[in-house]
Amino acid sequence: MTSKTCTLIGAPVQSGASQPGCVMGPDAYRTARLAETLRDLGHEVSDLGNVAHEPLQNVTHKNAAIHDLPQTVAWAVALEQAAFDAAQTSEMPIFLGGDHSLSIGTVPGVARHWQQHDRPLFVLWLDAHPDFHTLETTTSGNLHGTPVAYFSGLPGFEAYPKLAAPVDPANLCMLGIRSVDPAENAALDANSVD
């Protein structure tokens, strides 16, 4: 195995989910000795600590089910920049979550980095859900169900940060999907996501 430079970045996000606890994720990974395990595998590891979200903005949406939109947007802004910066200097940025709304920021940041090198980003999405809801179609209001639709450039995300480098839906591969809502199914079909 080729040694890589790995950068650990904590993303204690829990605004995208309905249950508390995700905020403890980064510390749990550190306690479980993730850095030491990666070093034992021959990688060079640095830990940048936890990202803090940006100041909250007054963002709203007509879908009354949505909760914690200002917090999720603030995390998206901070994590997009952190991901972009880490991708500049690290061969393998590793984001320690947090709920998976963190990918509203991390994937666009890495995609922006690769766009500067004239290379597309390919995303392998391992999840039980495709997270392909828009702000209009989510019925739970849990924004961790929206990241893939957002970073794929689907419309309906005016409340989220403007994407510098959307991921082409043709560059998405989803594995482990077992629960797809009708609105997500229609959007996946319309965008030919595998």
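The values are calculated or read from the model by the stated rules, or taken from the named source; none is laboratory data. Everything quoted here is computed from the prediction, not taken from an experiment. For the accessible areas, the whole protein counts, side chains as well, though only heavy atoms, and no ligand, DNA or RNA atoms are used. Shrake-Rupley method; radii C 1.70, N 1.55, O 1.52, S 1.80 Å.
Quick one: length gained pulling SER179 to THR5 fully straight, 0.36 nm per residue minus the C-alpha distance?
The SER179-THR5 span can extend by a further 59.1 nm.
Leaving ligands, DNA and RNA out of it, report the carbon-plus-sulfur percent of the accessible area of the chain at a 1.4 Å probe.
The C+S portion of the solvent-accessible surface of the chain is 54 percent.
Hey, what's the chain come to in accessible area per residue, 1.4 Å probe, Å²?
Computed with neighbouring chains in place, this is 50 Å² per residue.
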